[in-house]
Amino acid sequence: MKRVTSEPRPNWRERCDEVGFSFYDLESEGGRPYWNEAAAYSFTSAEIDTLETATQELFDRCMEAVEVIVRAGRFAEFGIPPRFHELVRASWDDDDPTVYGRFDLIIDAAGIPKLLEFNADTPTSLVETAAAQWQWLEEVRGPEADQFNSLHEQLIEQWMHIRTARWGVAAGARLHLASLHDSGDGELIVEDFDTVAYMAETAKAAGFDPKLIFVEDITYSVDRSSFLDGDGEIIQHIFKLYPWEWMINEQFAGFLLPRRGTTNWVEPLWKLLLSNKQLLVVLWELFPGHPNLLPAYASASPLAGRAYVSKPRLGREGANVTIVDTDGAVLEQQPGGYGEEGFVYQQRADTVTIDGKNVVIGSWVVGETPAGIDIRETSSLITGDLAEFVPHFIEDALDAALDDEEDARDRPLGSRDNRAAE
């Protein structure tokens, strides 16, 4: 991939607003806005194919890992309280549906994607990936341009699948969508709200009647044996941008047990086993030497003499991450409020910088299918909350489209190319 300069649209803020992306001016590195279209990343179709293949491979291996964890009852490794072990097992065994997730990947010096972590429960950067960077592509790169991004269409398809095939409810069924209103200061968490509002648009297109609510307003009625929203309406189907590891340790958590099967939560409870970085340790245990994995352990001792990264099992946005050099010296570390849950230790990848930037690729999965990528960059070694979002495009998309058009003449009627970028 290459980093190229790009002329920002003179009205880019207004254009972002029009697709429901309003937190573009969040302060990032150097005081710059979070959304950065003064640059872009260019990929070849072959590079996109590599990313897509790696994403599918990682998702499949993650599903194998969950099966091993559940069958062996290894829930304690993930800090899950004993009273929820069987509930997690039931969620997995009943195949409770999932909508989406995002792998964070880096490309090593050999050009191989490597997994940093799996944001499987509450991934954000959704609206800027699915809507804002696609709008940028059409307006800046032109109608013949392309990017690896079918996120919007696949979300609608997945919600349709869940509504009809999984929950079996008619068009117009209520779907609650919840986010946390604030962090105790009364100020709306705009990033979470915009993310949930965008998800509501895709659910509506799939036939749901969406209702936006805040997590703080959810109550439980003992008399009605139901979770209720702030208007007293029973919650039967709900998408929540609120971590399971918080939910199961809160006062109302006990009510999750009797409501199993009558209140349907997305993401499902089995995602507890994927959103925890202990997953990295299990993956390396099960698939040592896998080309898309980095060695990861529950202690630092197996990595003695190698550069490694210490990560809290439930950390977010680079908080409490420490990078250690081969001689044990700390290269960089970030403060934060995580770590009581324990740490994992992952070998540091052999990476390269691009124009002085360290790049993390967010590779999205909808259902079980790769759906697109986003790019965040920073001059720091740790990708934290100051990283900037930069759009991308496929540089040889037009040539690929012409080749596909020619190939289509030789394919049977009704066949289709599965590459999600098309």
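Do we find a residue being touching a residue at least 40 places away in the same chain (Cβ under 8 Å), open to solvent by less than 20 Å² (accessible area, probe 1.4 Å) and at negative phi anywhere in the range 324-341? No - not one qualifying residue is present in the range 324-341.
Residue check: is GLY362 assigned to a strand (DSSP E or B), under 23 Å from the mean Cα position of the chain (by Cα) and of a type in the set (Gly, Ala, Ser)? If you could, list the steps in order and put the result at the bottom.
Working: assigned to a strand (DSSP E or B): yes; under 23 Å from the mean Cα position of the chain (by Cα): yes; of a type in the set (Gly, Ala, Ser): yes.
Yes; evaluated as a whole, the condition is true for this residue.
For the range 247-275, what are the residues that are at pLDDT below 95 and either among the charged types (D, E, K, R) or open to solvent by 40 Å² or more (accessible area, probe 1.4 Å) (or both)? Correct list: ASN249, GLU250, GLN251, PHE252, PHE255, LEU257, PRO258, ARG259, ARG260, GLY261, THR262.
Hey, does the range 176-187 have a residue that's in contact with a helix residue (DSSP H, G or I) (Cβ under 9 Å, 6 or more places away or on another chain), among the aliphatic types (A, V, I, L, M), part of a helix (DSSP H, G or I) and buried (at least 18 other Cβ atoms within 10 Å of the Cβ)? Walk me through it before giving the result.
As a first pass, look at the range 176-187 and keep what is in contact with a helix residue (DSSP H, G or I) (Cβ under 9 Å, 6 or more places away or on another chain): 177-182.
Within this subset, residues satisfying the condition of being among the aliphatic types (A, V, I, L, M) are 177-178, 180.
Keeping just the survivors that are part of a helix (DSSP H, G or I) gives none.
No.
Scanning the range 89-106 for residues that are touching a Pro at 6+ places or on another chain (Cβ under 8 Å), open to solvent by 10 Å² or more (accessible area, probe 1.4 Å) and of a type outside the set (A, V, I, L, M, F, W, C) gives ASP96, PRO97, THR98, ARG102. Looking only at residues of the range 352-370 that are exposed (fewer than 15 other Cβ atoms within 10 Å of the Cβ) and closer than 16 Å to GLY111 by Cβ, we find that the one that is modelled with the lowest pLDDT is VAL352.
When each of SER221, SER226 is tested for being free of Cβ contacts under 8 Å to residues at least 60 places away in the same chain and open to solvent by less than 10 Å² (accessible area, probe 1.4 Å), the lone residue that passes is SER226. Is there a residue in the range 76-99 that is assigned to a strand (DSSP E or B), of a type outside the set (Lys, Arg) and within 23 Å of ALA197 (Cα to Cα)? Checked the range 76-99: no residue is assigned to a strand (DSSP E or B), of a type outside the set (Lys, Arg) and within 23 Å of ALA197 (Cα to Cα). Mind checking which residues of the range 34-80 are of a type outside the set (Phe, Trp, Tyr), touching a strand residue (DSSP E or B) at 6+ places or on another chain (Cβ under 8 Å), open to solvent by 10 Å² or more (accessible area, probe 1.4 Å) and touching a residue at least 60 places away in the same chain (Cβ under 8 Å)? Selection gives ASN36, THR44, SER45, THR50, GLU52, GLN56. Pull up the range 1-33, narrow it to residues that are of a type in the set (D, E, K, R) and touching a strand residue (DSSP E or B) at 6+ places or on another chain (Cβ under 6 Å), then point me to the one that is least open to solvent (accessible area, probe 1.4 Å). Taking the candidates together, the pick is GLU29.
Collect the residues in the range 107-121 that are within 30 Å of ILE238 (Cα to Cα) and open to solvent by 20 Å² or more (accessible area, probe 1.4 Å), keeping them in residue-number order.
LEU116, GLU117, ASN119
Across the range 129-175, what is the total count of residues that are assigned to a loop (DSSP other than H, G, I, E, B) and crowded, with 18+ Cβ neighbours inside 10 Å? Total meeting the criteria: 4.
Of everything in the range 302-317, what is of a type in the set (Lys, Arg), within 22 Å of THR378 (Cβ to Cβ) and modelled with pLDDT of 95 or more? Give them in sequence order. Write out each step before concluding.
Applying the first criterion (of a type in the set (Lys, Arg)) to the range 302-317 yields 306, 311, 313, 316.
Retained after the next criterion (residues that are within 22 Å of THR378 (Cβ to Cβ)): 311, 316.
Result: LYS311, single match.
The values are calculated or read from the model by the stated rules, or taken from the named source; none is laboratory data. Since the structure is predicted, the reported quantities are computational estimates derived from the model, not experimental observations. FYI the Cβ positions are ideal-geometry reconstructions off the backbone, even for glycines, and counts take in every protein chain you see. These accessible areas exclude ligands, DNA and RNA; they are computed on the full protein's heavy atoms, side chains included. Shrake-Rupley method; radii C 1.70, N 1.55, O 1.52, S 1.80 Å.
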